[in-house]
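*Asks:* Okay, handing you the structure first.
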Amino acid sequence: MKKILITGGAGFIGSHLTELLLTQGHEVYIIDDLSTGSLDNLTHLVDNDHLHITNGRVQNQKILAPLMAGVDEVFHLAASVGVRNIMENLVSSIENNIAGTAAVLEEADKHKIKVLLTSTSEVYGKGTGASSAETDDLRMGETIKTRWSYACSKAMDEYLAFSFYHERGLPVTVARLFNTVGERQSSAYGMVIPRFVDQALKNEPITVYGDGAQSRCFGHVKDVVGALVKLMDHSEAVGQVYNIGNTEEISIKELAEIVVKITGSRSEIVYIPYEKAFKTGFEDAESRRPNIDKIQKLIGYAPTYDIEAIVSAVVAHTRAEEQVAVGV
Ligand code: UDP
(Lines give C-alpha, C1' and ligand atoms only; values in the text may rest on other atoms or scores of the structure.)
Protein backbone atom coordinates (compact mmCIF):
# COMPACT_ATOMS: atom_id res chain seq x y z
CA MET A 1 0.00 0.00 0.00
CA LYS A 2 1.35 3.39 -1.02
CA LYS A 3 0.20 6.94 -0.35
CA ILE A 4 -0.34 8.54 -3.74
CA LEU A 5 -1.21 12.11 -4.69
CA ILE A 6 -3.10 12.80 -7.90
CA THR A 7 -3.23 16.43 -8.99
CA GLY A 8 -6.33 16.91 -11.11
CA GLY A 9 -7.84 13.74 -9.63
CA ALA A 10 -11.39 15.01 -10.13
CA GLY A 11 -10.86 15.35 -13.86
CA PHE A 12 -11.90 12.81 -16.44
CA ILE A 13 -8.60 10.90 -16.60
CA GLY A 14 -7.79 11.60 -12.93
CA SER A 15 -11.03 10.03 -11.75
CA HIS A 16 -10.30 6.81 -13.66
CA LEU A 17 -6.78 6.76 -12.24
CA THR A 18 -8.19 7.29 -8.74
CA GLU A 19 -10.51 4.34 -9.23
CA LEU A 20 -7.69 2.07 -10.36
CA LEU A 21 -5.34 3.02 -7.52
CA LEU A 22 -8.08 2.54 -4.91
CA THR A 23 -8.82 -0.89 -6.39
CA GLN A 24 -5.14 -1.72 -6.00
CA GLY A 25 -5.43 -0.91 -2.28
CA HIS A 26 -3.59 2.42 -2.15
CA GLU A 27 -4.34 5.50 -0.09
CA VAL A 28 -5.25 8.18 -2.63
CA TYR A 29 -5.02 11.93 -2.11
CA ILE A 30 -6.49 14.31 -4.66
CA ILE A 31 -5.88 18.00 -5.14
CA ASP A 32 -8.17 19.61 -7.70
CA ASP A 33 -9.47 23.15 -8.16
CA LEU A 34 -12.64 21.79 -9.80
CA SER A 35 -12.17 24.13 -12.78
CA THR A 36 -12.67 21.54 -15.50
CA GLY A 37 -12.79 18.64 -13.04
CA SER A 38 -15.89 17.86 -11.01
CA LEU A 39 -16.80 15.97 -7.86
CA ASP A 40 -19.46 14.29 -10.00
CA ASN A 41 -16.61 12.30 -11.54
CA LEU A 42 -15.92 10.82 -8.09
CA THR A 43 -19.47 10.29 -6.83
CA HIS A 44 -19.09 6.51 -6.94
CA LEU A 45 -15.86 6.69 -4.89
CA VAL A 46 -16.46 9.36 -2.23
CA ASP A 47 -17.54 6.85 0.41
CA ASN A 48 -14.20 5.07 0.19
CA ASP A 49 -12.21 5.76 3.40
CA HIS A 50 -8.96 5.56 1.45
CA LEU A 51 -9.83 8.58 -0.70
CA HIS A 52 -8.99 12.09 0.49
CA ILE A 53 -10.03 15.09 -1.59
CA THR A 54 -8.71 18.64 -1.26
CA ASN A 55 -10.27 21.46 -3.23
CA GLY A 56 -7.48 23.83 -4.24
CA ARG A 57 -4.91 24.82 -6.82
CA VAL A 58 -1.47 23.19 -6.98
CA GLN A 59 -0.01 26.70 -7.18
CA ASN A 60 -1.23 27.28 -3.63
CA GLN A 61 1.83 26.21 -1.68
CA LYS A 62 0.01 26.27 1.67
CA ILE A 63 -2.28 23.54 0.38
CA LEU A 64 0.19 21.59 -1.74
CA ALA A 65 3.12 21.41 0.70
CA PRO A 66 1.45 19.41 3.50
CA LEU A 67 -0.14 17.04 1.00
CA MET A 68 3.15 16.41 -0.76
CA ALA A 69 5.04 15.92 2.51
CA GLY A 70 3.01 12.82 3.30
CA VAL A 71 2.97 10.87 0.04
CA ASP A 72 5.21 8.37 -1.73
CA GLU A 73 4.55 9.48 -5.30
CA VAL A 74 2.59 11.99 -7.36
CA PHE A 75 0.73 11.73 -10.63
CA HIS A 76 0.59 15.30 -11.97
CA LEU A 77 -2.49 15.61 -14.17
CA ALA A 78 -3.77 19.06 -13.17
CA ALA A 79 -3.64 21.30 -16.25
CA SER A 80 -5.74 23.40 -18.57
CA VAL A 81 -7.34 21.02 -21.05
CA GLY A 82 -9.37 20.99 -24.23
CA VAL A 83 -8.58 22.85 -27.44
CA ARG A 84 -11.76 24.93 -27.28
CA ASN A 85 -11.26 25.73 -23.60
CA ILE A 86 -7.66 26.74 -24.21
CA MET A 87 -8.43 28.86 -27.27
CA GLU A 88 -10.95 30.76 -25.16
CA ASN A 89 -8.59 31.21 -22.17
CA LEU A 90 -5.16 31.66 -23.70
CA VAL A 91 -3.29 33.58 -21.00
CA SER A 92 -4.59 31.66 -18.03
CA SER A 93 -3.96 28.31 -19.77
CA ILE A 94 -0.28 29.06 -20.37
CA GLU A 95 0.17 30.45 -16.86
CA ASN A 96 -1.70 27.59 -15.30
CA ASN A 97 0.25 24.83 -17.04
CA ILE A 98 3.69 26.27 -16.45
CA ALA A 99 3.18 27.59 -12.91
CA GLY A 100 1.27 24.48 -11.83
CA THR A 101 3.96 22.09 -12.98
CA ALA A 102 6.72 24.26 -11.51
CA ALA A 103 4.95 24.21 -8.14
CA VAL A 104 4.53 20.43 -8.16
CA LEU A 105 8.14 19.77 -9.17
CA GLU A 106 9.55 22.23 -6.60
CA GLU A 107 7.56 20.63 -3.81
CA ALA A 108 8.27 17.05 -4.94
CA ASP A 109 11.97 17.89 -5.06
CA LYS A 110 12.01 18.77 -1.36
CA HIS A 111 11.24 15.14 -0.53
CA LYS A 112 12.52 13.55 -3.78
CA ILE A 113 9.08 12.13 -4.48
CA LYS A 114 8.68 10.32 -7.79
CA VAL A 115 6.62 12.37 -10.26
CA LEU A 116 4.74 11.17 -13.30
CA LEU A 117 3.87 14.16 -15.49
CA THR A 118 1.10 13.73 -18.02
CA SER A 119 1.91 15.61 -21.19
CA THR A 120 0.21 15.49 -24.56
CA SER A 121 0.58 14.47 -28.19
CA GLU A 122 0.06 18.19 -28.92
CA VAL A 123 3.79 18.66 -28.26
CA TYR A 124 4.51 16.96 -31.58
CA GLY A 125 2.74 19.94 -33.15
CA LYS A 126 2.17 19.51 -36.85
CA GLY A 127 3.83 16.10 -36.82
CA THR A 128 5.33 14.59 -39.92
CA GLY A 129 2.36 12.71 -41.33
CA ALA A 130 3.85 9.46 -40.06
CA SER A 131 3.48 8.12 -36.52
CA SER A 132 5.18 10.20 -33.85
CA ALA A 133 8.00 8.65 -31.85
CA GLU A 134 9.48 10.04 -28.65
CA THR A 135 12.74 10.82 -30.43
CA ASP A 136 11.04 13.01 -33.08
CA ASP A 137 11.65 16.74 -33.32
CA LEU A 138 8.72 18.93 -32.27
CA ARG A 139 7.21 21.05 -35.07
CA MET A 140 5.03 23.82 -33.71
CA GLY A 141 3.49 26.57 -35.79
CA GLU A 142 4.41 30.25 -35.58
CA THR A 143 3.77 31.95 -32.24
CA ILE A 144 1.21 34.32 -33.75
CA LYS A 145 -1.01 31.26 -34.19
CA THR A 146 -2.25 30.89 -30.67
CA ARG A 147 -3.16 27.25 -31.11
CA TRP A 148 0.42 26.18 -30.44
CA SER A 149 0.70 27.93 -27.07
CA TYR A 150 -0.79 24.92 -25.32
CA ALA A 151 1.69 22.59 -27.02
CA CYS A 152 4.54 24.88 -26.04
CA SER A 153 3.40 25.18 -22.45
CA LYS A 154 3.31 21.40 -22.11
CA ALA A 155 6.69 21.06 -23.84
CA MET A 156 8.06 23.57 -21.33
CA ASP A 157 6.58 21.42 -18.53
CA GLU A 158 8.51 18.48 -19.94
CA TYR A 159 11.74 20.50 -20.10
CA LEU A 160 11.23 21.57 -16.52
CA ALA A 161 10.62 18.00 -15.38
CA PHE A 162 13.77 16.72 -17.11
CA SER A 163 15.75 19.66 -15.75
CA PHE A 164 14.78 18.68 -12.21
CA TYR A 165 15.81 15.12 -13.08
CA HIS A 166 19.21 16.02 -14.52
CA GLU A 167 20.15 18.86 -12.19
CA ARG A 168 18.63 17.77 -8.91
CA GLY A 169 18.13 14.03 -9.24
CA LEU A 170 14.33 14.18 -8.96
CA PRO A 171 12.83 10.94 -10.32
CA VAL A 172 10.42 11.95 -13.11
CA THR A 173 8.65 10.18 -15.95
CA VAL A 174 6.73 11.94 -18.73
CA ALA A 175 3.75 10.34 -20.47
CA ARG A 176 2.53 11.92 -23.71
CA LEU A 177 -1.14 11.09 -23.96
CA PHE A 178 -2.73 10.91 -27.39
CA ASN A 179 -6.49 11.52 -27.69
CA THR A 180 -7.84 9.88 -24.56
CA VAL A 181 -11.56 9.25 -24.37
CA GLY A 182 -14.19 7.27 -22.51
CA GLU A 183 -16.96 7.40 -19.96
CA ARG A 184 -17.35 10.69 -18.02
CA GLN A 185 -15.40 12.86 -20.51
CA SER A 186 -17.25 16.16 -20.69
CA SER A 187 -18.42 17.66 -23.97
CA ALA A 188 -17.97 21.16 -22.53
CA TYR A 189 -14.31 21.66 -23.46
CA GLY A 190 -14.50 20.79 -27.14
CA MET A 191 -13.43 17.13 -27.22
CA VAL A 192 -14.84 15.48 -30.26
CA ILE A 193 -16.25 12.14 -29.04
CA PRO A 194 -18.42 13.45 -26.17
CA ARG A 195 -19.57 16.29 -28.45
CA PHE A 196 -20.58 13.97 -31.28
CA VAL A 197 -22.29 11.53 -28.90
CA ASP A 198 -24.27 14.32 -27.20
CA GLN A 199 -25.28 15.77 -30.56
CA ALA A 200 -26.31 12.35 -31.89
CA LEU A 201 -28.37 11.46 -28.82
CA LYS A 202 -30.26 14.76 -29.16
CA ASN A 203 -30.69 14.22 -32.92
CA GLU A 204 -28.91 17.54 -33.45
CA PRO A 205 -26.46 18.19 -36.31
CA ILE A 206 -23.05 16.58 -35.81
CA THR A 207 -20.46 19.32 -36.25
CA VAL A 208 -17.41 18.17 -38.19
CA TYR A 209 -14.80 20.94 -38.42
CA GLY A 210 -13.15 21.43 -41.80
CA ASP A 211 -13.71 18.63 -44.32
CA GLY A 212 -13.40 15.87 -41.72
CA ALA A 213 -10.36 14.33 -43.44
CA GLN A 214 -8.19 15.10 -40.39
CA SER A 215 -7.56 11.97 -38.39
CA ARG A 216 -6.89 10.91 -34.83
CA CYS A 217 -6.23 7.75 -32.82
CA PHE A 218 -8.51 7.39 -29.82
CA GLY A 219 -7.38 5.50 -26.74
CA HIS A 220 -9.72 4.34 -24.01
CA VAL A 221 -9.05 5.93 -20.63
CA LYS A 222 -8.90 2.55 -18.85
CA ASP A 223 -6.06 1.43 -21.12
CA VAL A 224 -4.34 4.77 -20.52
CA VAL A 225 -4.53 4.84 -16.71
CA GLY A 226 -3.34 1.23 -16.55
CA ALA A 227 -0.26 2.30 -18.49
CA LEU A 228 0.32 5.35 -16.25
CA VAL A 229 0.43 3.14 -13.15
CA LYS A 230 2.79 0.63 -14.78
CA LEU A 231 5.10 3.46 -15.85
CA MET A 232 5.14 4.87 -12.34
CA ASP A 233 6.00 1.43 -10.97
CA HIS A 234 8.84 0.77 -13.42
CA SER A 235 12.30 1.91 -12.35
CA GLU A 236 13.54 2.07 -15.96
CA ALA A 237 10.90 4.69 -16.80
CA VAL A 238 12.65 7.32 -14.68
CA GLY A 239 14.13 10.12 -16.79
CA GLN A 240 12.17 8.92 -19.85
CA VAL A 241 9.24 10.03 -21.99
CA TYR A 242 6.61 7.62 -23.36
CA ASN A 243 3.77 7.90 -25.84
CA ILE A 244 0.49 6.36 -24.69
CA GLY A 245 -2.29 5.87 -27.20
CA ASN A 246 -4.03 3.69 -29.70
CA THR A 247 -2.51 3.16 -33.14
CA GLU A 248 -5.80 2.68 -35.03
CA GLU A 249 -6.28 5.91 -37.02
CA ILE A 250 -9.69 7.22 -38.04
CA SER A 251 -10.83 10.36 -39.87
CA ILE A 252 -13.23 12.67 -38.06
CA LYS A 253 -15.76 12.16 -40.88
CA GLU A 254 -15.63 8.37 -40.32
CA LEU A 255 -15.94 8.96 -36.59
CA ALA A 256 -19.13 10.99 -37.13
CA GLU A 257 -20.53 8.13 -39.24
CA ILE A 258 -19.70 5.54 -36.57
CA VAL A 259 -21.41 7.67 -33.90
CA VAL A 260 -24.54 7.93 -36.07
CA LYS A 261 -24.50 4.17 -36.69
CA ILE A 262 -24.03 3.17 -33.05
CA THR A 263 -26.62 5.61 -31.67
CA GLY A 264 -29.14 5.06 -34.49
CA SER A 265 -29.45 8.85 -34.54
CA ARG A 266 -31.38 10.92 -37.07
CA SER A 267 -28.65 13.60 -36.91
CA GLU A 268 -27.20 14.90 -40.13
CA ILE A 269 -23.45 15.42 -40.38
CA VAL A 270 -22.58 19.06 -41.08
CA TYR A 271 -19.22 20.53 -42.04
CA ILE A 272 -18.18 23.76 -40.32
CA PRO A 273 -15.25 25.83 -41.61
CA TYR A 274 -12.52 26.30 -39.00
CA GLU A 275 -12.86 30.11 -39.20
CA LYS A 276 -16.44 29.74 -38.00
CA ALA A 277 -15.70 27.18 -35.29
CA PHE A 278 -12.79 29.09 -33.73
CA LYS A 279 -12.16 32.80 -33.37
CA THR A 280 -8.44 33.31 -33.84
CA GLY A 281 -5.61 31.77 -35.91
CA PHE A 282 -6.66 28.14 -35.64
CA GLU A 283 -4.59 25.44 -37.28
CA ASP A 284 -5.72 21.87 -36.84
CA ALA A 285 -3.30 18.97 -36.75
CA GLU A 286 -4.03 16.89 -39.86
CA SER A 287 -3.22 13.60 -38.26
CA ARG A 288 -1.84 12.29 -35.06
CA ARG A 289 -0.71 8.73 -34.48
CA PRO A 290 1.62 7.45 -31.79
CA ASN A 291 4.51 5.14 -32.27
CA ILE A 292 4.13 2.97 -29.16
CA ASP A 293 7.15 0.71 -29.57
CA LYS A 294 8.91 2.22 -26.55
CA ILE A 295 6.09 1.64 -24.05
CA GLN A 296 5.25 -1.72 -25.58
CA LYS A 297 8.82 -2.85 -24.94
CA LEU A 298 8.88 -1.58 -21.36
CA ILE A 299 5.49 -2.67 -20.00
CA GLY A 300 3.94 -4.69 -22.83
CA TYR A 301 1.41 -1.95 -23.50
CA ALA A 302 -1.33 -2.99 -25.92
CA PRO A 303 -4.62 -1.07 -26.20
CA THR A 304 -7.68 -3.28 -25.69
CA TYR A 305 -10.52 -1.03 -26.96
CA ASP A 306 -11.09 -0.35 -30.67
CA ILE A 307 -13.07 2.68 -31.85
CA GLU A 308 -16.42 0.88 -32.02
CA ALA A 309 -15.99 -0.43 -28.45
CA ILE A 310 -15.03 3.07 -27.28
CA VAL A 311 -18.00 4.81 -28.90
CA SER A 312 -20.37 2.07 -27.64
CA ALA A 313 -19.08 2.51 -24.07
CA VAL A 314 -19.47 6.29 -24.21
CA VAL A 315 -22.96 6.05 -25.70
CA ALA A 316 -24.10 3.54 -23.04
CA HIS A 317 -22.70 5.71 -20.25
CA THR A 318 -24.21 8.93 -21.59
CA ARG A 319 -27.62 7.27 -22.01
CA ALA A 320 -27.49 5.94 -18.43
CA GLU A 321 -26.56 9.41 -17.10
CA GLU A 322 -29.46 10.98 -18.97
CA GLN A 323 -31.84 8.46 -17.43
CA VAL A 324 -30.54 9.35 -13.97
CA ALA A 325 -30.95 13.05 -14.78
CA VAL A 326 -34.62 12.66 -15.73
CA GLY A 327 -35.24 10.27 -12.84
CA VAL A 328 -36.14 7.19 -14.90
N1 UDP B 1 -13.64 18.25 -33.97
C2 UDP B 1 -14.74 18.35 -34.81
N3 UDP B 1 -15.92 18.73 -34.26
C4 UDP B 1 -16.09 19.01 -32.95
C5 UDP B 1 -14.97 18.91 -32.09
C6 UDP B 1 -13.75 18.53 -32.63
O7 UDP B 1 -14.64 18.10 -36.02
O8 UDP B 1 -17.22 19.34 -32.55
C9 UDP B 1 -12.35 17.81 -34.54
C10 UDP B 1 -11.17 18.72 -34.23
O11 UDP B 1 -11.09 19.79 -35.16
C12 UDP B 1 -10.01 17.75 -34.36
C13 UDP B 1 -10.59 16.42 -33.88
O14 UDP B 1 -12.01 16.57 -33.96
O15 UDP B 1 -9.62 17.61 -35.71
C16 UDP B 1 -10.20 16.06 -32.45
O17 UDP B 1 -10.54 17.15 -31.61
P18 UDP B 1 -10.36 17.12 -30.04
O19 UDP B 1 -10.61 18.51 -29.55
O20 UDP B 1 -11.17 16.03 -29.45
O21 UDP B 1 -8.82 16.71 -29.84
P22 UDP B 1 -7.45 17.34 -30.43
O23 UDP B 1 -7.78 18.50 -31.31
O24 UDP B 1 -6.70 17.71 -29.22
O25 UDP B 1 -6.83 16.22 -31.18
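The values are calculated or read from the model by the stated rules, or taken from the named source; none is laboratory data. Since the model is a prediction, treat every value here as computed from it, not as a measurement. Because the Cβ atoms are built from the backbone with ideal geometry, glycine has one as well, and the counts that use them run over all protein chains shown.
*Asks:* Starting from region 226-241, keep only residues that are closer than 21 Å to residue 159 by Cα, then list their pairs with residues that are in a helix (DSSP H, G or I) and acidic (Asp, Glu) whose Cβ atoms are within a distance under 8 Å, requiring at least 6 positions of separation or different chains.
*Replies:* 241/158
*Asks:* Checking the condition free of Cβ contacts under 8 Å to residues at least 24 places away in the same chain and farther than 25 Å from residue 256 by Cα, which residue from 163, 187, 153 passes? Break it down stepwise before answering.
*Replies:* Numbers: 187 fails: farther than 25 Å from residue 256 by Cα; 153 fails: free of Cβ contacts under 8 Å to residues at least 24 places away in the same chain.
After applying the criteria, what remains is 163.
*Asks:* Against the condition in a helix (DSSP H, G or I) and either closer than 24 Å to residue 120 by Cα or touching a helix residue (DSSP H, G or I) at 6+ places or on another chain (Cβ under 6 Å) (or both), how does residue 48 come out, does it pass? Quick ask: steps written out before the conclusion?
*Replies:* Details: in a helix (DSSP H, G or I): no; either closer than 24 Å to residue 120 by Cα or touching a helix residue (DSSP H, G or I) at 6+ places or on another chain (Cβ under 6 Å) (or both): yes.
So residue 48 fails the test.
*Asks:* Working only within region 68-87, note down all residues that are over 13 Å from the mean Cα position of the chain (by Cα) and either under 21 Å from residue 230 (Cβ atoms) or without any contact (Cβ under 8 Å) to a residue 40 or more places away in the chain (or both). First the steps, then the outcome.
*Replies:* Of region 68-87, the ones over 13 Å from the mean Cα position of the chain (by Cα) are 68-74, 84-87.
Within region 68-87, 71, 72, 73, 74 qualify.
*Asks:* Which one is nearest to residue 243 (Cα to Cα), of the residues in region 275-292 that are within 12 Å of the ligand (Cβ to nearest atom) and among the small types (Gly, Ala, Ser)?
*Replies:* 287
*Asks:* Could you list, in sequence order, the residues of region 14-45 that are part of a loop (DSSP other than H, G, I, E, B) and among the hydroxyl-bearing types (Ser, Thr, Tyr)? Outline the logic, then answer.
*Replies:* Applying the first criterion (part of a loop (DSSP other than H, G, I, E, B)) to region 14-45 yields 24-26, 33-38, 43-45.
Hits for region 14-45 are 35, 36, 38, 43.
*Asks:* Quick one: would you say residue 97 is in contact (Cβ under 8 Å) with a residue 60 or more places away in the chain, of a type in the set (S, T, N, Q) and within 16 Å of the ligand (Cβ to nearest atom)? Show your work before the answer.
*Replies:* Details: in contact (Cβ under 8 Å) with a residue 60 or more places away in the chain: yes; of a type in the set (S, T, N, Q): yes; within 16 Å of the ligand (Cβ to nearest atom): yes.
Taking the combined requirement at face value, the residue satisfies it.
*Asks:* Still on this structure, please answer the following. Tell me the strands (runs of 3 or more DSSP E) entirely within region 176-268 that contain at least 1 residues that are more than 9 Å from the ligand (Cβ to nearest atom) and not hydroxyl-bearing (Ser, Thr, Tyr). Even if it seems obvious, please write down each step before you answer.
*Replies:* Working: elements: 206-209, 215-217, 240-244, 249-251.
Here the list reads 215-217, 240-244, 249-251.
*Asks:* If you take the residues of region 145-174 that are more than 16 Å from the ligand (Cβ to nearest atom) and outside any helix (DSSP H, G or I), which of them is surrounded by the fewest Cβ atoms within 10 Å (Cβ to Cβ)?
*Replies:* So the first thing to find is which residues in region 145-174 are more than 16 Å from the ligand (Cβ to nearest atom), and the list is 156-174.
Now drop any that are not outside any helix (DSSP H, G or I), which leaves 169-174.
On the way: 169: 10, 170: 23, 171: 18, 172: 26, 173: 23, 174: 25.
Checked region 145-174; the qualifying residue surrounded by the fewest Cβ atoms within 10 Å (Cβ to Cβ) is 169.
*Asks:* Does residue 295 satisfy the condition of being within 16 Å of the ligand (Cβ to nearest atom), outside any loop (DSSP other than H, G, I, E, B) and either surrounded by 18 or more Cβ atoms within 10 Å (Cβ to Cβ) or among the polar types (S, T, N, Q) (or both)?
*Replies:* No.
*Asks:* Kindly list the number of the only condition in (1) assigned to a loop (DSSP other than H, G, I, E, B); (2) modelled with pLDDT under 95 that fails for residue 275.
*Replies:* If we test residue 275 against (1) assigned to a loop (DSSP other than H, G, I, E, B); (2) modelled with pLDDT under 95, just (1) comes out false.
*Asks:* In region 78-94, what residues are within 16 Å of the ligand (Cβ to nearest atom) and under 25 Å from residue 16 (Cα atoms)? Break it down stepwise before answering.
*Replies:* First, pick out the residues of region 78-94 that are within 16 Å of the ligand (Cβ to nearest atom): 79-90, 93.
Passing the criteria: 79, 80, 81, 82, 83, 84, 85, 86, 93.
*Asks:* What number goes with the only condition from (1) within 13 Å of the ligand (Cβ to nearest atom); (2) among the β-branched types (Val, Ile, Thr); (3) buried (at least 20 other Cβ atoms within 10 Å of the Cβ) that residue 272 does not pass?
*Replies:* For residue 272, the exception is condition (3).
*Asks:* Please determine whether any residue of region 309-322 is within 16 Å of the ligand (Cβ to nearest atom), touching an Asp or Glu at 6+ places or on another chain (Cβ under 8 Å) and at negative phi.
*Replies:* Taking every residue of region 309-322 in turn, at least one turns out to be within 16 Å of the ligand (Cβ to nearest atom), touching an Asp or Glu at 6+ places or on another chain (Cβ under 8 Å) and at negative phi.
*Asks:* Regarding residue 92, is this residue more than 28 Å from residue 247 (Cα to Cα) and assigned to a helix (DSSP H, G or I)? Break it down stepwise before answering.
*Replies:* Details: more than 28 Å from residue 247 (Cα to Cα): yes; assigned to a helix (DSSP H, G or I): yes.
In short, yes.
*Asks:* Just one of 117, 90, 67, 77 is in contact with a Ser or Thr (Cβ under 8 Å, 6 or more places away or on another chain) and over 30 Å from residue 139 (Cα atoms); which is it? Give the steps one after another, and end with the answer.
*Replies:* Details: 117 fails: over 30 Å from residue 139 (Cα atoms); 90 fails: over 30 Å from residue 139 (Cα atoms); 77 fails: over 30 Å from residue 139 (Cα atoms).
Exactly one residue qualifies, and that residue is 67.
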